[in-house]
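Since the structure comes first, as structure tokens, the remarks are kept for the end.
The values are calculated or read from the model by the stated rules, or taken from the named source; none is laboratory data. Please read these numbers as outputs of a predicted model, since none were measured by experiment. We place every Cβ from the backbone using ideal geometry, glycine too, and count neighbours over all the protein chains shown.
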Protein chains: 2
Amino acid sequence: MSLFVHRHEKADGRELLLYGRAPHQGIAGPELEAAPAGRSHLRWHPLRQEWVAYAGARQARTFLPQAAECPLCVSQAGRIGEIPFSDFEIAVFENRFPAFSADAEMPDAIRGLTLAQAGGRCEVIVYSPDHRSSLAGLSDERLELLIEVWGARVKVLRDMGFVAVLPFENRGEEIGVTLHHPHGQIYAFSFLPAQLARAAKAQAEAPLIAQLIETLDPALILRAGQAALSFVPPFAMYPYEVWLAPRRRVASPDELTDTERSDLAQALGDAMRRLDALFDAPMPYILTVQTAPQGFEDTFHMTIEIHPFRRDTNKLKYLAGVEQGAGVFLVDVLPEEAARRLRAASA
Amino acid sequence: MSLFVHRHEKADGRELLLYGRAPHQGIAGPELEAAPAGRSHLRWHPLRQEWVAYAGARQARTFLPQAAECPLCVSQAGRIGEIPFSDFEIAVFENRFPAFSADAEMPDAIRGLTLAQAGGRCEVIVYSPDHRSSLAGLSDERLELLIEVWGARVKVLRDMGFVAVLPFENRGEEIGVTLHHPHGQIYAFSFLPAQLARAAKAQAEAPLIAQLIETLDPALILRAGQAALSFVPPFAMYPYEVWLAPRRRVASPDELTDTERSDLAQALGDAMRRLDALFDAPMPYILTVQTAPQGFEDTFHMTIEIHPFRRDTNKLKYLAGVEQGAGVFLVDVLPEEAARRLRAASA
């Protein structure tokens with residue numbers, strides 16, 4: 001299917017892209033302008049052996065607006081949002097409060113510390129003009145488009161020279177989400193985060209995802225498509241964690257065939273509906289799309305990973321002392337039991 | 001000062017220890033008995049390169065009891081708790097719902113997975129019989145005793161053969177704490193968690209904590225004692241993060257001199273009062289005591305690390321897509337600004 005993109009330069013210079021199955025008319029109205037950027041930068045944590053990012057301007061970001069003030073809804077008379085169009089399918093634009101930016105400056109030296117510029121790019125991806133929708137509520141066609149847009153953005157951002165690209169979504173007030181309009185984010189990094197490096201190196205040594213799919217207990221599978229599947233990983237870090245992967249090794253979503261994308265879209269909607277049905281309440285979660293960092297394109301196998309935060313009707317999963325202090329995740333629900341309950345939940 | 005310990009074997013065989021400056025009379029009444037242990041075990045996460053611990057029995061653990069039912073208060077007529085004594089200073093006992101245990105069995109093989117027994121020991125440490133107290137409310141003398149008990153437990157658990165010992169405290173309903181009575185936990189592991197290994201190896205290559213203290217911007221220091229100090233680390237992962245360390249390299253709290261322990265106790269109470277004063281509300285936090293794993297006793301410099309979860313009056317710090325998906329922490333408040341506000345908060 002064809003993917004159309006309409007490029008718009010926002011009043012403050014930020015890029016906005018409208019992706020869709022049909023060409024967009026592109027008649028723009030008024031729009032929100034960005035606040036001056038804060039001085040983001042990176043500091044090396046010598047004990048964690050990881051970069052920590054400081055982004056002071058983010059403290060002021062929009063916090064739980066009423067629906068009538070949603071900056072991700074199309075702009076209307078009396079309410080100016082980020083998207084100055086009357087309609088769209090999927091919109092992508094540069095974040096008003098970016099933690100990383102392409103023109104990030106080198107910070108002033110601090111004695112004893114290793115510093116770096118917070119190089120990267122932060123984008124917002126809006127899944128639908130419908131404020132009350134969610135991944136579980138989108139049609140399979142829209143989910144396919146979303147996966148295709150993830151792929152298109154990963155390709156563009158990699159071509160811009162970024163080392164790693166992470167599409168993700170945080171959902172739910174329970175985990176601090178400040179905007180309810182269905183949307184995700186895409187972070188591109190000009191450095192390789194240590195956790196992504198570990199995963200990519202491990203995959204370079206052995207085809208871990210292919211092996212995982214091959215040896216997977218069928219009872220862990222939620223939806224087995226011809227070209228892609230969803231399952232509870234047998235080493236899940238969160239109760240009811242769900243992964244999706246194409247069966248073939250594909251480094252990032254731009255390399256998916258139509259069949260693989262279609263299978264992933266169906267598995268994604270299916271997984272989201274099961275997660276929402278599990279406790280009869282919208283499931284708060286973090287979804288990440290793991291794509292090949294630079295240099296690992298020939299060995300990395302992309303996955304979509306959903307980390308849900310509700311472990312029981314009125315209980316959330318929190319990271320506590322053992323997770324934070326030692327990096328050891330404690331999980332209350334065995335993956336086999338989680339899969340049994342998710343398979344029983346109606347999709 | 002002298003440290004007395006009274007050992008009690010609970011009705012179900014678990015060990016309970018009463019530590020104090022005075023000998024304990026040790027007349028025991030009725031007490032809670034442990035539920036049968038679940039089958040905890042470890043599974044290797046091949047992409048994170050870390051063990052994940054599964055502890056099914058924990059799902060049933062006590063959840064937000066009313067104060068009158070607190071299992072950490074001394075047992076009284078009509079309410080049976082964990083501590084069958086009428087009074088105590090500091091009590092330590094084996095957790096009723098241990099995620100790790102010394103007699104953990106090797107789990108049944110699962111195709112394609114690397115498994116291990118969840119070897120270790122989980123202890124609860126109760127700071128005071130006063131249900132409504134907190135670290136901020138304890139006297140300096142009680143805090144000194146607490147640090148000494150941490151040291152005593154680390155030594156005992158290391159002598160039992162455990163590879164790493166982590167005293168910690170989770171505080172606040174905001175981060176899922178199920179019991180409000182002031183208490184912490186101590187986890188001993190029969191394996192070396194990857195995050196602890198990274199930190200210990202980094203310190204074996206360079207005296208990072210000594211260098212940090214030596215080059216520390218004085219504006220980051222909250223309380224500078226002769227033998228120990230508290231400060232905001234310049235690479236803090238959480239807003240208002242506070243670390244405490246003895247100036248001399250000490251591998252674990254059992255090696256502290258009286259002066260170092262006294263300085264740390266005063267800095268600990270001071271830090272806790274500042275954190276509670278910052279937003280005029282009890283600060284939810286994770287506190288961990290980082291001690292030398294086996295084999296790193298000659299290079300490790302112990303720290304006490306406090307990771308607060310409130311970043312503004314009504315805003316919590318959550319781990320979201322970038323933290324969970326890439327391991328990159330985003331921090332809204334610069335360490336220098338956090339230190340300025342903490343120094344201004346009344347202790």
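Details
- Every residue from the stretch A:310-322 that is at pLDDT 90 or above and over 22 Å from the mean Cα position of the chain (by Cα): A:322
To keep it simple, each residue is scored yes or no on (1) of a type outside the set (Asp, Glu); (2) closer than 15 Å to residue A:330 by Cβ; (3) modelled with pLDDT of 80 or more.
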{"position": "B:18", "(1), (2), (3)": "yes, no, yes"}
{"position": "B:54", "(1), (2), (3)": "yes, yes, yes"}
{"position": "B:60", "(1), (2), (3)": "yes, yes, no"}
{"position": "B:80", "(1), (2), (3)": "yes, no, yes"}
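- Taken over the stretch A:248-270, the residue count meeting the criterion of being assigned to a helix (DSSP H, G or I), touching a residue at least 60 places away in the same chain (Cβ under 8 Å) and not acidic (Asp, Glu) is 8.
- Residue that is surrounded by the fewest Cβ atoms within 10 Å (Cβ to Cβ) [pool: residues in the stretch A:68-78 that are in a loop (DSSP other than H, G, I, E, B) and at pLDDT 80 or above]: A:70
- Here the stretch A:213-241 is the region considered, the condition is being in a helix (DSSP H, G or I) and in contact (Cβ under 8 Å) with a residue 24 or more places away in the chain, and the residue that is farthest from residue A:273 (Cα to Cα) is A:213.
- Output for the stretch B:316-347, where each listed residue is assigned to a loop (DSSP other than H, G, I, E, B), facing another protein chain (nearest Cβ under 9 Å) and at negative phi: B:317, B:318, B:319, B:320, B:328, B:332, B:333, B:334
- Residue identified as more than 7 Å from chain A (Cβ to nearest Cβ) and buried (at least 20 other Cβ atoms within 10 Å of the Cβ) among B:291, B:313: B:291
- Of the criteria (1) within 14 Å of chain A (Cβ to nearest Cβ); (2) small (Gly, Ala, Ser); (3) surrounded by 21 or more Cβ atoms within 10 Å (Cβ to Cβ); (4) touching a helix residue (DSSP H, G or I) at 6+ places or on another chain (Cβ under 6 Å), which one residue B:112 fails: (3)
- Verdict on residue B:125 being at pLDDT below 95 and aliphatic (A, V, I, L, M): no
- Qualifying residue in the stretch A:287-298 (condition: more than 19 Å from residue A:175 (Cα to Cα), in contact with a Ser or Thr (Cβ under 9 Å, 6 or more places away or on another chain), assigned to a helix (DSSP H, G or I) and in the same structural domain as residue A:251 (by TED's automatic domain parsing)): no
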